[in-house]
1. Neighbour counts of other C-beta atoms within 10 Å: give me 99, 12 arranged from fewest to most.
2. Give the order of 180, 325 when sorted by the count of other beta carbons within 10 angstrom, beginning with the fewest.
3. What's the local net charge at residue 201, with K and R +1, D and E -1, over the other residues with C-beta under 14 Å away?
4. Determine the sum of side-chain charges near residue 96: Lys and Arg each +1, Asp and Glu each -1, restricted to other residues whose C-beta is under 11 angstrom from that of residue 96.
5. Can you give the convex hull volume per residue for the Cα atoms of segment 313-374, as a whole number of Å³?
6. Enumerate the whole-percent occupancy of each 5 Å bin, from 0 to the last occupied one, for all C-alpha pair distances of segment 72-134.
7. When Lys and Arg each count +1 and Asp and Glu each count -1, what net charge do the other residues less than 15 Å away from residue 260, Cβ to Cβ, add up to?
8. Give, in whole angstrom and from largest to smallest, the semi-axes √(5λ) of the equivalent ellipsoid of segment 263-405, with λ running over the eigenvalues of the Cα gyration tensor.
Amino acid sequence: MTLRVRPRVLYWSLFSWMAITGGRFLAPFLEHESEMTDSNIGFILGIQYAILSVLAPYYGKYADAQERKYPNYGRGKVLAVGIIFGTISFLMHGINAFWDLPIFESLYFHYAVQVLYALNFAIIIPVVDGMTLDFLQKEQGGSLDYGKERLHGAIGWGVTNMLLGPLIDKFGFPVYYPCCIVSAIYCIGSIFIYSNAQAQAQAQTLKQKNDTECSDSNVPPRASYLQTDSLTEPNTGAIPSSLSLLLGVISSSYGAAFVFCYFFMTLGFSVVENLVFLFFEFLGGSNTICSITVVLTVIFEVPIFQIAPNLLRKHGVGWVLLLACITFWIRIVCYTLIPEGSTWMLLLIEPLHGFTYAGSQVAAVEYVNRNMPSGSEASGQGIVNLIRGSANVIGLWLGGFLQDVFGPRVMYRVFVAAVTVGISVFATVRSTHRQQEEGYRIVAEVIESA
């Protein structure tokens with residue numbers, strides 16, 4: 001079945017919105033607009049990811065249930081609700097510009113606003129990833145091309161950050177508010193277009209199938225949606241609990257080590273993604289320089305997402321994750337060596353982000369998805385976000401404290417040690433469980449040749 005509108009239209013819009021409301025500029029935004037310290041920022045972002053890690057599996061499960069109830073529209077509706085209420089929550093940071101009351105300038109008010117935002121932000125990633133995996137399963141019977149869709153999110157992220165840096169330098173952080181509104185409208189439009197396109201494509205497929213059956217057997221065409229083949233028939237069975245899905249992922253020593261390594265890499269990655277622009281300010285970089293570094297990371301992300309299917313088929317998810325961890329390790333070691341005033345050196349280091357992020361993302365998504373039952377795509381990605389969110393909570397709380405007390409260089413060295421532990425454990429287990437990756441590659445080759 002060929003579906004003309006692909007999930008990439010969702011990634012473009014959603015990652016543009018996330019770049020504004022929850023991207024790398026969020027920490028400087030909170031520092032300037034809400035007068036938060038590094039510890040304050042680490043604390044509230046940790047709370048945000050705690051909410052994400054707890055709620056993402058449930059949101060994914062709820063979105064799957066809605067999709068079964070409203071085929072082609074269920075997950076889209078849940079996604080749209082997250083965008084609308086997430087936008088309203090984020091805009092509340094600027095309410096003191098209209099009502100000059102002490103409560104709106106309080107640190108605790110801005111904490112509360114970020115909590116409200118997090119309650120809605122937790123919907124986004126598991127649901128859009130679930131929509132994408134469902135699309136790929138219907139189109140090609142597998143999810144190896146996830147990276148080719150996801151790369152468009154990286155492009156949307158990069159383009160948005162490229163525009164944000166100069167805008168912030170010229171107009172200040174209040175420019176965030178109109179940008180947030182525009183990006184939210186863009187998201188709702190893309191969700192509407194995508195959902196309608198899937199419904200129309202499915203209706204056309206059903207019509208062609210029924211017409212064929214009618215001409216072949218001279219019987220009236222079957223109109224019921226439930227009587228179609230497995231590519232379009234909804235799975236009406238019970239959705240497994242989040243705990244049972246997680247246990248399925250870590251039931252083997254290989255799976256447990258894979259998750260352990262991914263957790264520790266994400267532990268270090270949390271401070272890079274969320275606090276690194278504070279470090280760039282410490283080095284003397286402008287917002288424009290910060291935006292250029294994001295563009296560089298995206299330039300090197302895109303080809304990794306594009307070739308991800310070949311990497312997974314040839315080397316397996318474990319090899320891809322290990323290489324992502326090693327490139328990340330090199331990157332944060334280099335951070336600790338950059339002298340103040342030498343921000344140009346960042347432009348030599350940031351390309352390493354390409355394999356770090358894209359490699360770890362496709363490896364985690366693919367590994368977890370392979371261990372999920374049919375119809376639980378969004379639930380499975382909720383598990384990925386549970387692991388990622390838990391690591392982000394610990395990383396941001398610890399990172400914010402270390403950066404405030406000891407400075408960014410010491411903070412990054414601590415996380416170098418953490419990532420080293422993750423790499424060592426997984427590399428050891430993987431060396432004795434290579435047959436699991438070999439089995440994965442055989443499955444991938446069968447799907448590719450089908």
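1. Taking fewest neighbouring Cβ atoms as first place, the list is 99, 12.
2. Fewest-to-most Cβ neighbours within 10 Å comes out as 180, 325.
3. Surrounding charge for residue 201 is +3.
4. Around residue 96, the surrounding residues sum to -3.
5. Per residue, the Cα convex hull of segment 313-374 comes to 85 Å³.
6. P(r) over segment 72-134, rounded to whole percents: 4, 18, 23, 17, 13, 10, 7, 5, 3, 0.
7. +2
8. Ellipsoid half-lengths, sorted descending, are 29, 18, 12 Å.
None of the figures in this text is laboratory data; all of them are computed from the coordinates on show. It should be emphasised that the depicted structure is a prediction, and the values quoted were computed from it without experimental measurement. Quick reminder, even Gly has a Cβ in these numbers, built from the backbone with ideal geometry, and neighbours come from all protein chains shown.
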